[in-house]
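Structure first, commentary second.
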Amino acid sequence: MMPKAVKKWFEIADKDFVSAQTLAEKELFETALFHCQQAAEKYLKGFLINEGKQFPKVHDLVYLVKSAEATLRRESCVPPKFPQVPFRNRPQ
């Protein structure tokens, strides 16, 4: 079962992702990109929490991606390039 904190991060990230799609369809690209960044940050934080990894209070996607990448490499022998991981519940 997914921990509550992880579920909460993913639920909020899903909403940001849907918001980004809706805004992009209306050609509000600057705001759509902001929500993309927000969704990515929240998915990464949820992933790290699910893996039992601690991280400082940051809003730095590069830091979070590197932390996630290091976790994936250590635990599953993923090649050096960050893998393409599909989004959960991506709207069709």
Exercise for the section: Tally the residues that are closer than 22 Å to L61 by Cα and surrounded by fewer than 16 Cβ atoms within 10 Å (Cβ to Cβ), restricting the search to region 1-17. Expected result: 5
Fill in the blank from the handout: When restricted to A32, A39, A20, A13, the only residue touching a Cys at 6+ places or on another chain (Cβ under 6 Å) and not polar (S, T, N, Q) is A20
Handout entry: Cβ-Cβ under 8 Å pairs, at least 6 apart or on other chains, region 13-37 side in contact (Cβ under 8 Å) with a residue 24 or more places away in the chain and of a type in the set (S, T, N, Q), far side surrounded by 15 or more Cβ atoms within 10 Å (Cβ to Cβ) and assigned to a helix (DSSP H, G or I)
Key = Q21/A32
Fill in the blank from the handout: Counting only residues in region 18-49 that are under 16 Å from A68 (Cα atoms) and of a type in the set (D, E, K, R), the one surrounded by the most Cβ atoms within 10 Å (Cβ to Cβ) is identified as K45
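Every read-out reported here was derived from the displayed coordinates using simple, explicitly stated rules and does not represent laboratory data. Here the structure is a predicted model, which means the values were calculated and not measured. Every residue, glycine among them, receives a Cβ derived from its backbone with ideal geometry; neighbour counts consider all protein chains shown.
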